[in-house]
Amino acid sequence: MTAAARQPGQRAHTARIACLALAAGLGGSPSAGAAAERASPAGSASGTTSPAPGAAAASTPGAAVVPPPVGAPRFEQRLALCLACHGADGQSRLPLTPSLGGQPAFFVMTQLFLLRDGRRGEPVMIEQAKGMSNDDLRAFAEAIARLAPPAPPSEPPDPLRFERGRALAAQHRCGVCHNPDYSGREQMPRLANQREDYLLKSMREFASGRRLGYGAAMTQELSGLSEANLADLAHFLAHQPAARPGAQ
């Protein structure tokens, strides 16, 4: 959340992450449809999508996520299983589960690469990513990037907390990397209208050094903030104005 991305050390570390993805064959940008065909040996002549195994259970808070059957599930099934928790429309309704809508494709692809490599994420997420091919990563990233950005919360923000969060975002220059409207770009995630509880959880993990980033910038920016500061910043980011039509 800082201009530190322009510093040589930060640029080099970010470049190394990008190179890891590119070295794994992730740098190309074939269409999601073509990648999905390669990821789906059985295909789907009718174009219909079967419900993902376990999707109904996963949509209920507290319910266990049932893994797909042994073998190579079709792309549509695996994507539906992901969206059962993260929201079929890209907006999560489960506590501490991030919305994926509007995230930059390169950010999604890099996160999936790290999950597949076991370098970040919850065990269930790592397990789901283990069998992904490079074509799968491209297809998932492009499909997720096409989901609409999440809408603002239905309840209005607390004016005092919102203004405190705005001041913190300006002080720590969050908009330099994440865009002035916090829509995200390249490997930087969209923050605008992300779930407030997930934003707070993520920032706590960055502040403590428990969460993997592209470099030390996030930890450096957040480590000095109090719990109240982090909560105000999460509140501000979660209550951004609705995205303009066509904006990501």
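The values are calculated or read from the model by the stated rules, or taken from the named source; none is laboratory data. None of the values given here were measured: they were computed from a predicted structure. In this analysis, Cβ positions are derived from the backbone assuming ideal geometry, glycine residues included, and neighbour counts consider all displayed protein chains. Just the protein is used for accessible areas: all its heavy atoms, side chains included, with ligands, DNA and RNA removed. Shrake-Rupley method; radii C 1.70, N 1.55, O 1.52, S 1.80 Å.
Couple of notes before you dig in:
- Residue count, the stretch 88-126 (criterion: open to solvent by 40 Å² or more (accessible area, probe 1.4 Å) and in contact with a Gly (Cβ under 9 Å, 6 or more places away or on another chain)): 4
- Listed conditions (1) over 23 Å from Leu100 (Cβ atoms); (2) out of contact with any helix residue (DSSP H, G or I) (no Cβ under 7 Å at 6 or more places or on another chain) are all met by Ala151, apart from (1).
- Test result for Ala167, free of Cβ contacts under 8 Å to residues at least 60 places away in the same chain and either under 27 Å from Gly215 (Cβ atoms) or of a type in the set (Gly, Ala, Ser) (or both): yes
- Lone unmet requirement of (1) at pLDDT 95 or above; (2) out of contact with any helix residue (DSSP H, G or I) (no Cβ under 6 Å at 6 or more places or on another chain); (3) small (Gly, Ala, Ser) for Ala105: (2)
- Once the stretch 153-201 is narrowed to residues that are closer than 20 Å to Arg244 by Cα and small (Gly, Ala, Ser), the residue that is modelled with the lowest pLDDT is Ser154.
- For the stretch 170-209, the candidate set comprises residues that are in contact with a strand residue (DSSP E or B) (Cβ under 7 Å, 6 or more places away or on another chain) and touching a residue at least 60 places away in the same chain (Cβ under 8 Å); within that set, the residue that is surrounded by the fewest Cβ atoms within 10 Å (Cβ to Cβ) is His178.
- Flag for Met132 being outside any helix (DSSP H, G or I) and touching a helix residue (DSSP H, G or I) at 6+ places or on another chain (Cβ under 9 Å): yes
- Residue ID - nearest to Asn193 (Cα to Cα), chosen from residues in the stretch 127-150 that are surrounded by fewer than 19 Cβ atoms within 10 Å (Cβ to Cβ) and under 14 Å from the mean Cα position of the chain (by Cα): Ala148
- Where Cys85 falls short, out of the listed (1) free of Cβ contacts under 8 Å to residues at least 40 places away in the same chain; (2) surrounded by fewer than 16 Cβ atoms within 10 Å (Cβ to Cβ); (3) of a type outside the set (Val, Ile, Thr): (2)
- Listed by first and then second residue, the pairs linking a residue in the stretch 133-146 that is within 23 Å of Leu191 (Cβ to Cβ) to a residue that is among the hydroxyl-bearing types (Ser, Thr, Tyr) and surrounded by 22 or more Cβ atoms within 10 Å (Cβ to Cβ), with Cβ atoms under 7 Å apart and 6 or more places separating them unless they lie on different chains, form an empty list.
- Residue match in the stretch 160-173 (condition: among the hydrophobic types (A, V, I, L, M, F, W, C), in contact with a helix residue (DSSP H, G or I) (Cβ under 6 Å, 6 or more places away or on another chain), more than 17 Å from Asp232 (Cβ to Cβ) and not in a loop (DSSP other than H, G, I, E, B)): no
- Some residue of the stretch 210-233 being surrounded by fewer than 18 Cβ atoms within 10 Å (Cβ to Cβ), modelled with pLDDT of 95 or more and within 19 Å of Ser99 (Cβ to Cβ): no
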